[in-house]
Protein chains: 2
Amino acid sequence: MNGEPTIIEVGEALFADNERRAFSLGASLRDRGTFAVNLMGSPGCGKTTLIERTAEGLPAGIRVAVVEADLASSLDARRMEARGIRCVQLNTGGYCHLDAAMTGAALEALGFGPGGLGSGDPPWDIVFIENIGNLVCTAQSPVGAGLDVALLSRPEGDDKPFKYPVMFRYARALVLTKRDYDDYPGLSGPFDVDAVARQVMLLNPAVRIFDTSCRSGAGMAEWISFLHAGYRDVVERRRRP
Amino acid sequence: MNGEPTIIEVGEALFADNERRAFSLGASLRDRGTFAVNLMGSPGCGKTTLIERTAEGLPAGIRVAVVEADLASSLDARRMEARGIRCVQLNTGGYCHLDAAMTGAALEALGFGPGGLGSGDPPWDIVFIENIGNLVCTAQSPVGAGLDVALLSRPEGDDKPFKYPVMFRYARALVLTKRDYDDYPGLSGPFDVDAVARQVMLLNPAVRIFDTSCRSGAGMAEWISFLHAGYRDVVERRRRP
């Protein structure tokens with residue numbers, strides 16, 4: 001091997017290649033009126049449950065599909081299908097995050113045409129893309145989504161934004177999950193929502209933050225309303241010449 | 001860029017290079033009588049707290065030092081120093097896991113000589129290496145430890161071994177954390193310890209599993225005793241010609 005300079009060049013080319021693919025995929029989905037939502041966060045932070053509850057809470061008539069990514073297994077896809085939600089499971093082997101090519105392949109399986117880049121009326125209105133459970137790498141690889149969302153759950157602790165700043169800078173929305181853990185003070189150590197918000201706003205002043213519990217339903221109306229507005233915005237833009 | 005074949009070659013070279021470094025570092029530490037313990041798991045799974053409680057529980061006279069890795073911040077190093085535990089903080093920027101070169105640099109800062117590869121009596125007996133919070137990538141990059149440990153916390157859910165098999169195959173010990181969450185049935189969804197154990201044993205029949213709570217102390221004596229035995233084994237082997 002020729003040492004580090006070669007490695008860095010290949011890395012940059014790879015990143016740039018994915019940025020281009022993600023840009024094209026994102027533009028194509030937007031042009032067709034589909035709102036793709038990329039959900040990122042640690043294993044067990046509540047991504048799958050958030051998708052289930054959000055899909056249930058969106059107005060009837062919005063056609064929702066899901067892309068589930070895991071290193072292995074089809075557990076989450078089976079959870080979705082059990083609820084009657086159309087789902088494609090991506091298995092990445094050991095790969096630690098989705099990229100735009102993998103997402104495009106999943107969208108193709110959902111009927112969006114070759115590489116997800118087809119044209120005409122889209123088969124689905126909102127597509128949730130559940131990324132690999134990983135608070136680090138997923139933030140470094142755009143997938144072509146119209147909205148990139150980070151999740152952070154109560155039991156993970158309130159010190160995560162400064163420890164994982166790449167994610168908290170990248171996401172356009174932050175969903176705090178498992179808010180019902182507050183009913184058990186001391187169980188998970190302190191979780192100071194205001195402190196988290198302050199940390200995240202320093203990294204990312206425009207971020208939208210939602211404090212939710214899928215169990216109690218707290219905060220879910222605001223989150224779903226925000227998502228619905230995002231979808232309507234995509235549709236509106238499509239109608240304009 | 002020349003496409004995927006080049007990328008794969010570089011990747012393999014990189015992996016092979018780290019494997020060699022990790023092998024050398026691990027052999028050097030073992031020869032000097034130091035037991036290095038690599039702790040891997042999701043953000044917020046309890047790695048830092050487990051190190052704190054384990055360090056307190058080990059017999060007096062064993063000199064414990066810690067390497068803390070985060071993308072950014074020195075929060076965990078400050079936690080350790082507040083307890084009087086010698087600690088070196090590694091900040092990786094955006095890098096998603098430790099490798100043997102980074103670990104060697106931290107060990108050098110702890111007095112183990114250049115690249116951690118010095119000789120003679122070691123400055124520390126047990127070194128805990130807290131890897132980046134990442135259940136995927138850390139399992140693909142050995143750091144030269146004498147023991148690789150995976151952590152899985154109750155709130156992450158009991159479906160993780162099949163979803164993240166790379167980690168559960170790689171680790172030689174699995175520490176289940178936050179066992180005290182069982183006192184709040186239904187809070188985190190089901191966590192079937194036997195099911196987790198069955199999944200992990202299928203992937204990794206020789207793995208040792210510990211079911212612990214740092215809050216209640218449950219299971220900690222077995223875990224600490226296992227670690228202590230691992231350390232004594234390193235010391236015994238050193239004495240033999």
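Is there any pair with a first residue in the stretch B:223-241 that is of a type in the set (Lys, Arg) and a second that is open to solvent by 40 Å² or more (accessible area, probe 1.4 Å) whose Cβ atoms are under 9 Å apart and which are 6 or more apart or on different chains, and what are they?
B:237/B:30; B:237/B:31; B:238/B:30; B:238/B:31
Scan the stretch A:52-93 for residues that are open to solvent by less than 30 Å² (accessible area, probe 1.4 Å), within 14 Å of chain B (Cβ to nearest Cβ) and in a loop (DSSP other than H, G, I, E, B) and jot them down.
Within the stretch A:52-93, A:71, A:72, A:73, A:92 qualify.
Name every residue in the stretch B:167-185 that is more than 16 Å from residue B:44 (Cβ to Cβ) and acidic (Asp, Glu), in order of residue number.
Matches in the stretch B:167-185: B:182, B:183.
What is the number of the single condition among (1) assigned to a helix (DSSP H, G or I); (2) modelled with pLDDT under 95 that residue A:107 does not meet?
It fails just one condition, (2).
Given the options B:168, B:191, name the one that is modelled with pLDDT of 95 or more and at negative phi.
From the options B:168, B:191, the qualifying one is B:168.
For the stretch B:142-160, which positions are within 24 Å of residue A:138 (Cβ to Cβ) and surrounded by fewer than 24 Cβ atoms within 10 Å (Cβ to Cβ)?
The answer is B:142, B:148, B:157, B:158, B:159.
This table checks each residue for (1) closer than 27 Å to residue B:181 by Cα; (2) away from chain B (no Cβ under 12 Å).
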position	(1), (2)
A:158	yes, no
A:172	no, yes
A:181	yes, no
A:193	yes, yes
A:213	yes, no
A:216	yes, no
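Looking at (1) over 17 Å from residue B:22 (Cβ atoms); (2) buried (at least 17 other Cβ atoms within 10 Å of the Cβ); (3) not β-branched (Val, Ile, Thr), can you tell me which one residue B:117 breaks?
(1)
The values are calculated or read from the model by the stated rules, or taken from the named source; none is laboratory data. It should be emphasised that the depicted structure is a prediction, and the values quoted were computed from it without experimental measurement. Here the Cβ is made from the backbone with ideal geometry for all residues, glycine too, and neighbour counts use every protein chain on show. Just the protein is used for accessible areas: all its heavy atoms, side chains included, with ligands, DNA and RNA removed. Shrake-Rupley method; radii C 1.70, N 1.55, O 1.52, S 1.80 Å.
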